[in-house]
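**Student:** Structure below; questions to follow.
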Amino acid sequence: MHITTLLASILTLVSCTTAIGQPSTLTFSEGGEGLKLASSGLAPTIVLDSKEWPGVTRAANDLTNDFGLVIGTKGKVVTGTSSIGAAPAIIVGTIGKSAIIDSLVSSGKIDVSAIKGKWESFTSQLVTDPVSGVASALVIAGSDKRGSIYGIYDISEQIGVSPWYWWADVPPKKKTVIFAADKLKVQGPPSIKYRGIFLNDEQPALTNWINQFYGGKYNSNFHVKVFELLLRLRANYFWPAMWNSKFYVDDSKNGPLADEYGIVMGASHTEPMARADKEKVKPWDWNSNQNNLKKYMQDGVTRAKNWETLWTMGMRGDGDTASPTLTAASLTSVINYQQSILKSTLGVSDLSKVPMMWCLYKEVGGYYQQGMTVPNDITLLWSDDNSGNIQRLPVGNELSRPGNAGVYYHFDYVGDPRNYKWINSIQLTKTWEQMHLAHDKNATNIWIVNVGDLKPLEIPISHFLDMAYDMTQFKTPDSTGTWLKAWATREFGAEVADTTADIMTQYGKLIIRRKYEWLNTNPYVLSTTNYDEAESHYQEWVSMVDKAQSAYDSLDSATQISFFEMVLHPALAGKTVQEVYYKAALNTFYAKQKRMSANTMATEVRNAYSQDQAIAKRYHSLLNGKWNHMMDQVHFGYTYWQDPGSNSMPGVQTISTNAPSTGPVGVSVQGSANSAPGDATPPMLSLDPYTPENRTIDVYARGQGTFQFSITPDKTYVTVTPSSGTLSYPSGVSDIKAVIDVDWSAVPAGKSTVSIVVKPSTGNSVTLSLPLNKNSVPEDFKGHVESNGVVSFEMAHYTSKLPGTGGASMEVIPGYGRTHSGLTLMPGNAPSQSTSSGAKVSFDFYTFTSSSSAKVTVYLPPSFNINPSAPLKYAFSIDSGAATSVQPIPGYNLGSMPSGWSDSVVNGAKVVTSTTNISAGKHTLNLWALEPGTVFQKVVIDLGGVKQSYLGPPESVMV
């Protein structure tokens, strides 16, 4: 794609543009150079040819309205050059369709050689004396209909009208003056030819909204809002809702309006030949009801033949399921018939110019693997696993197929292992990693993404479509963060752009750990005893919400609405769901320890559950109920893949306020569920100078009343804060967490023990034993240091790296995965690597423990073998020892899932463990990704000290 600036330079242009990923051609300061397009009381005239595409004329009218939104004065649209008047002029036209543009080309006043004959491209420039009576005009020439439309909306975005001005209520950015600079801009063709969205899983939220505002039908009044959004986002392809609707039947205007707007219509993988699922004939069986199915398909082609359509080929079973009778042979027959009716009905003998796709979704991929021959002019649309993990990409001679390939991706899904339909639960860096790989592997003809109800997924939709439009802006792994800042600048202003980018990066990290619908597990998935894991996870949500609330508070009231919809709401609503499940887990845990705070947790669970409903009500009340019903989706209480029908709060319990006979004050420590006195005295975890987490002691009330306590170590080099306190229940503070601090300069070398006495004012004292281990590394050592039998590495913190064959290198993806960052092999089309010459990263580390059976655990994403003949593979070695090669994903057939897939998808990680021999001392962990698509999230070496947890031990201390 030809484009004159890079995304990395966007933030230097925010003073003159609010567009994303585009060269700036407008300025907004008095005294600007070039042509003044608008100021108070002045707006441009948009000039078009009378024979221009209706969709271009319609978009031009949008532009006049957009000028009114930002400058206060609407422009006007005129056809022909005789009535332009004295206002500034913007001339827009399509090459070969606009006599005005063609005249400027033939006279040499504009040069369109860079775009002529290309797909969806445009130029814009100032032209002197373009037509009689006009001294200067901004001229936008499109290579085709959408090229002209994108050129128009490029101006809209630059002047300050977001593509999401209606769908997310982003207020237009007011201007006092607008100048067109004397710059040539050439843009296009897009990186991906067909780029679009699939409205799906649209019940109950979107359908309830449709019922209220559009009379219960997905009619043309609704669809024109979608079409405009897609074009402003520089998309061109649309699969309409299909659960209980029929796009062409529900409103006869839907089809022609899509074509007029410039939208290429398609249909889902289960709806062939432009026919809706709800139009299917029964029985839906090619073998037994072939004549009726042929008529069904023929009627679809006949109905849509005059409209721009990307034809969905093949078929599946009824109701988005596998067919019990289809075989590769019968499916070949289906496609042959479909191609024959396309030729006869469209009146063509060569289908190479007719866009067609066959989606290899679920079991359909199995037919292809069995050797089914697919005509080369049909695009192979590869699918993810419904959870954002692409299953297969082009290999071998598939790379040269005329029909090319594409990707069907998901931001929403109904099915195994569980639905996820409520709000945004997408990690953008994960999307980048997968789609960047698809682009590098030449799956570039179609990108379509399932967006559910559309409304809660504004950010991932924008990100996906911006990548599809111009992937050159997303070459590097840090491009998502750069894009987020530019996106936030456009939507909310530069003042909160950095903060918003940080919030959404953190949001992605937290939500990839486990989606909301998948949190209802017993026991709670995060550990309440080890590594302070559950508490740390929840506090990350709290911190993120605080940051989002602060940014929200700094905005004007109009911008607050859009910020709430897209940023604060998912943060706040997400944190509330996390709070319900986290505190329900604490309720269970505390009840076993007889803590009075178990009752407090029960109350807080109920309060948070009520708060969830209040947040939904707040959303539904925005702008006098504009988005009522959009938060109707059930998100609590899942027990299997399908939603439970209604939200239900997890069960909580209350305990007696009578103190147990062992006393009203209890003591617990990390790593143990024991509560003393009563249970066995809980063993304290060892502490050394390199322990990454704090050591703490919990002291709490186990009965009603007020109680004092003191905590006294028997060594002066150990201090506890607080060293005393008062517990009170039901009023006051019932739990206190005391933090241990050690002055290591005074601790004797080697292992020792410190006694810590917790003495309550009532009841028995508890004496704890704190093991200390004062060890040290050589002064010249730099790297990670073992603590308590564990070395844990985050991927961004490697010591060194080496390039590999074919220009390959290991690169960090900031913000990827569950804990910090990812590490992957780039580019995505790099050749297979070897341990002798492949791209490598190395981590220096130091151990105090020897083990002949040390476990090396690698945390990976739930990926697939995108190349069956070169499955994902990595290798590791310790120092110069022999490398251990691992294929993390076992072999499997297309149409089925590999072993362990469900757990890895739910957990956001696939965890693979190998064993090796490690002695005490300095070492180097060497790590290779041997195939593109291999991504590392984290590596842990267990020398015997790893405790049970969900995310793994926190990263080791680095010196």
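The values are calculated or read from the model by the stated rules, or taken from the named source; none is laboratory data. In this text, all values refer to a predicted model and were calculated from it rather than measured experimentally. All Cβ positions, glycine included, derive from the backbone under ideal geometry; neighbour counts span all protein chains shown.
**Student:** Scan segment 435-466 residue by residue and report those that are closer than 21 Å to Glu202 by Cα, out of contact with any Asp or Glu (no Cβ under 7 Å at 6 or more places or on another chain) and of a type in the set (D, E, K, R).
**Tutor:** Once the filter is applied, which keeps residues that are closer than 21 Å to Glu202 by Cα, out of contact with any Asp or Glu (no Cβ under 7 Å at 6 or more places or on another chain) and of a type in the set (D, E, K, R), segment 435-466 yields Lys455, Glu458.
**Student:** Tell me which helices (runs of 4 or more DSSP H) are completely within segment 186-268 and hold 3 or more residues being touching a residue at least 40 places away in the same chain (Cβ under 8 Å), or say none if there are none.
**Tutor:** Values: elements: 205-213, 220-232, 247-250, 254-261.
Correct list: 205-213, 220-232, 254-261.
**Student:** Please pick out the residue among Thr654, Thr681, Thr691, Thr762 that is in a loop (DSSP other than H, G, I, E, B) and within 19 Å of Thr588 (Cα to Cα).
**Tutor:** Thr654
**Student:** Any residue in segment 634-652 that is aliphatic (A, V, I, L, M) and farther than 30 Å from Leu457 by Cα?
**Tutor:** yes
**Student:** In the list Ser387, Ser400, which residue meets the criterion of being more than 25 Å from Gln298 (Cα to Cα), hydroxyl-bearing (Ser, Thr, Tyr), surrounded by 18 or more Cβ atoms within 10 Å (Cβ to Cβ) and out of contact with any Lys or Arg (no Cβ under 8 Å at 6 or more places or on another chain)?
**Tutor:** Only one candidate passes the filter, namely Ser387.
**Student:** Considering only residues that are touching a strand residue (DSSP E or B) at 6+ places or on another chain (Cβ under 9 Å) and polar (S, T, N, Q), look in segment 338-364 and name the one that is farthest from Ala322 (Cα to Cα).
**Tutor:** Gln339
**Student:** Within segment 303-354, restricting attention to residues that are aromatic (Phe, Trp, Tyr) and under 18 Å from Gly255 (Cα atoms), which residue is surrounded by the fewest Cβ atoms within 10 Å (Cβ to Cβ)?
**Tutor:** Trp307
**Student:** Specify which of the listed residues (Glu779, Glu794) is under 48 Å from the mean Cα position of the chain (by Cα) and surrounded by 16 or more Cβ atoms within 10 Å (Cβ to Cβ).
**Tutor:** Among Glu779, Glu794, only Glu794 is under 48 Å from the mean Cα position of the chain (by Cα) and surrounded by 16 or more Cβ atoms within 10 Å (Cβ to Cβ).
**Student:** Within the set of pairs 6+ apart or on separate chains, which have a first residue in segment 841-860 that is under 27 Å from Gly900 (Cα atoms), a second that is part of a strand (DSSP E or B) and modelled with pLDDT under 95, and C-beta atoms under 6 Å apart?
**Tutor:** none
**Student:** For segment 690-734, which positions are in contact (Cβ under 8 Å) with a residue 60 or more places away in the chain and closer than 18 Å to Asn658 by Cβ?
**Tutor:** Tyr700, Ala701, Arg702, Gly703, Gln704, Leu727, Tyr729, Pro730, Ser734
**Student:** What is the one condition in (1) part of a loop (DSSP other than H, G, I, E, B); (2) crowded, with 18+ Cβ neighbours inside 10 Å; (3) at pLDDT below 95 that Ile10 does not satisfy?
**Tutor:** The one condition Ile10 does not meet is (1).
**Student:** Name every residue in segment 63-107 that is surrounded by fewer than 18 Cβ atoms within 10 Å (Cβ to Cβ), within 24 Å of Glu120 (Cβ to Cβ) and under 38 Å from the mean Cα position of the chain (by Cα), in order of residue number.
**Tutor:** Selection gives Asn65 alone.
**Student:** Do we have any residue at all in segment 878-895 that's among the aromatic types (Phe, Trp, Tyr), at pLDDT 95 or above and either surrounded by 18 or more Cβ atoms within 10 Å (Cβ to Cβ) or more than 24 Å from Val841 (Cβ to Cβ) (or both)? Don't jump to the end; show me each part of the working.
**Tutor:** Going residue by residue through segment 878-895, those that are among the aromatic types (Phe, Trp, Tyr) are 892.
Still in the running and at pLDDT 95 or above: none.
No, because not a single residue in segment 878-895 is among the aromatic types (Phe, Trp, Tyr), at pLDDT 95 or above and either surrounded by 18 or more Cβ atoms within 10 Å (Cβ to Cβ) or more than 24 Å from Val841 (Cβ to Cβ) (or both).
**Student:** Okay, next question. Can you go through Tyr638, Tyr700, Tyr717 and tell me which one is over 36 Å from the mean Cα position of the chain (by Cα) and under 28 Å from Val580 (Cα atoms)?
**Tutor:** The conditions single out Tyr700.
**Student:** For segment 82-138, how many residues meet the condition of being more than 19 Å from Leu37 (Cβ to Cβ), touching a helix residue (DSSP H, G or I) at 6+ places or on another chain (Cβ under 6 Å) and not in a loop (DSSP other than H, G, I, E, B)?
**Tutor:** Count: 1.
**Student:** Please determine whether any residue of segment 525-543 is within 18 Å of the chain's Cα centre (by Cα), at pLDDT 95 or above, within 25 Å of Gly651 (Cβ to Cβ) and not assigned by TED's automatic domain parsing to the domain that holds Asn200. Don't jump to the end; show me each part of the working.
**Tutor:** As a first pass, look at segment 525-543 and keep what is within 18 Å of the chain's Cα centre (by Cα): 541.
Checking which are at pLDDT 95 or above leaves us with 541.
The next check asks that each one be within 25 Å of Gly651 (Cβ to Cβ); those that pass are 541.
This time we only want the ones that are not assigned by TED's automatic domain parsing to the domain that holds Asn200, so: 541.
There is at least one residue in segment 525-543 that is within 18 Å of the chain's Cα centre (by Cα), at pLDDT 95 or above, within 25 Å of Gly651 (Cβ to Cβ) and not assigned by TED's automatic domain parsing to the domain that holds Asn200.
**Student:** Give just the number: which of (1) surrounded by fewer than 24 Cβ atoms within 10 Å (Cβ to Cβ); (2) part of a loop (DSSP other than H, G, I, E, B); (3) modelled with pLDDT of 95 or more does Tyr408 not satisfy?
**Tutor:** Looking at each condition in turn, Tyr408 falls short on (2).
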